[in-house]
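So the structure is just underneath, and the comments pick up after that.
The values are calculated or read from the model by the stated rules, or taken from the named source; none is laboratory data. Keep in mind it's a predicted model, so treat the numbers as computed, not measured. When we count neighbours, we look across all protein chains shown, and the Cβ atoms used for this are built from the backbone with ideal geometry, even at glycine. The protein model used for the area step is the full one, side chains on, heavy atoms only, and it has no ligands, DNA or RNA in it. Shrake-Rupley method; radii C 1.70, N 1.55, O 1.52, S 1.80 Å.
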Amino acid sequence: MGIRPPAVAGTWYPRTAGALTREVDACLTGAAAPPTGHVQAIIVPHAGLMFSGAVGACAFKAAARGTYEAAVLVGPSHYVPFEGVALYPDGAFETPLGPVPVDADLGARLNAADVVRSMPSAHMREHSLEMQLPFVRRVFPDLPIVPLLMGFQRPATIHALARALADALRGRRVLLVASTDLSHFFDAATAATLDGRVLDRIEAFDPAGLLELMERYPEAERGRYVACGGGPAVSVLLAARALGASQSRVLCYAHSGQISGDNEGVVGYVAAVIGEFPQGPDE
């Protein structure tokens, strides 16, 4: 497929390597000390770096202690509607910090599942995975990725992707990354209440409960009231459990009003880790 060019460089994050490196490193430095243990998966936001970078850094800082063969990025499709899950099959994603290669072999293993299909066109404008790449490049400079976008976030697709991930990744050291923002454009107090329901289900390692929460709303409203990437998050939670994870921890929560000063219409952000955490956070 060749190189997929950046879609939001220069708007959602800096276009130059030096400026982007400084911003990402500042986010990582400012993140709290992560819990000890093995990180199988993370949940991270995908807003502009100035809004959600500090939150996402909490999860990537925790994952940085691990050693992985690849990262499988799962996010929602904001622009292209389709059934199933769209794979970018090979090549690389260009970033100001250099290209991030696609693991074509691992992608082909996932593409063998009926729910996954090669669909590069769905990825061209999408930011939900692109916003993770500056952290991937800084934390894991040589790590390849498998980019997956979920179209309509329906239970059958969510469960099918979870099974495909577990089958393809069993026995391999792969970091699962679910990309999602939380509620959209409520006042800060309402957002905290709505988002608190999601945080509770993540903290309880309750993907079924999170899916049930999504299903309370019409499909077009789930992104506003629950999470725009709720489907990817549920798939990753389910797959991580199938791969041996037993715990989930919320590391950080914030909303856009804390940066913009506008608390009347905010977007919520969460960072979480899923895996095995036998000890508390480092002191």
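Left without a cysteine partner by the 4.7 Å Cβ rule in the chain: Cys27, Cys228.
Taking Cα atoms of the range 41-130, Rg/Rh with Kirkwood Rh, to two decimals?
0.96
The packing ranking, built from the mean of other Cβ atoms within 10 Å per residue, places the peptides 160-168, 243-251 in the order 160-168, 243-251, highest first.
Where the accessible area of the range 47-91 is counted over protein heavy atoms with a 1.4 Å probe, how much of it, in %, is carbon and sulfur? Its accessible area is 60 percent carbon and sulfur atoms. Solvent-accessible area assigned to carbon and sulfur over the range 165-283 amounts to 50 percent, based on a 1.4 Å probe. Here each label is just a point 7 Å from Cα along the line to Cβ, and for Asp105 and Thr193 those points are 5.3 nm apart.
Protein heavy-atom accessible surface, 1.4 Å probe, per residue over the range 144-283: 38 Å². Between the range 208-283 and the range 68-83, the alpha-carbon centres lie 16 Å apart. For the chain, the Cβ-based charge dipole about the Cα centre amounts to some 420 debye (Lys, Arg positive; Asp, Glu negative; other atoms uncharged).
Annotation: the range 205-254 has a Kirkwood hydrodynamic radius of 11.7 angstrom, from the mean reciprocal C-alpha pair distance.
Measuring nothing but alpha carbons in the chain and taking Rh as the Kirkwood radius, the Rg to Rh ratio lands at 0.93.
Per residue of the chain, the DSSP helices (runs of n ≥ 4 H) give a summed -39500 (n - 2.57) that works out to -11000 deg cm²/dmol at 222 nm. Only protein heavy atoms count here; on that basis, with a 1.4 Å probe, Cys58 has an accessible area of about 10 Å². Sequence-distant contacts, meaning Cα pairs under 8 Å at least 6 residues apart, place the relative contact order of the chain at 28 percent.
The packing ranking of peptides 44-54, 2-12, highest mean first, is 44-54, 2-12, where packing means the average number of other beta carbon atoms within 10 angstrom of each residue. With protein chains left intact and a 1.4 Å probe, residues in the range 2-123 average 37 Å² of accessible area per residue.
Summarising the amide proton neighbourhood of Val115: residues at separation of 5 or more, or on other chains, whose placed amide H is nearer than 5 Å comprise an empty set.
Taking the alpha-carbon centroid of each part, what is the distance from the range 18-42 to the range 93-113 in angstrom? Rounded to whole Å, the Cα centres lie 22 Å apart.
Given an 8 Å cut-off on Cα distances and at least 6 residues of separation, report the relative contact order of the range 59-187 as a percent. Mind dumping the intermediate values first?
On the way: 212 pairs, mean separation 55.5, N = 129.
Value for the range 59-187: 43 percent.
The phi torsions of the range 52-66, fed into the Karplus equation with coefficients 6.51, -1.76 and 1.60 and a -60° offset, translate into couplings of 10, x, 5, 6, x, 4, 4, 6, 5, 5, 5, 5, 4, 6, x Hz, rounded to whole numbers, with Gly and Pro shown as x. From the P(r) of the range 89-183, could you give the percentage of C-alpha pairs in the tail past 17 Å? Result for the distance tail: 53 percent.
Pulled fully out, how much extra length does the chain show between Val80 and Thr16, if you take 0.36 nm times their separation in residues and subtract their Cα-Cα distance? Walk me through the intermediate numbers first.
On the way: separation 64, 0.36 × 64 = 23.04 nm, distance 2.82 nm.
Between Val80 and Thr16, full extension yields an extra 20.2 nm.
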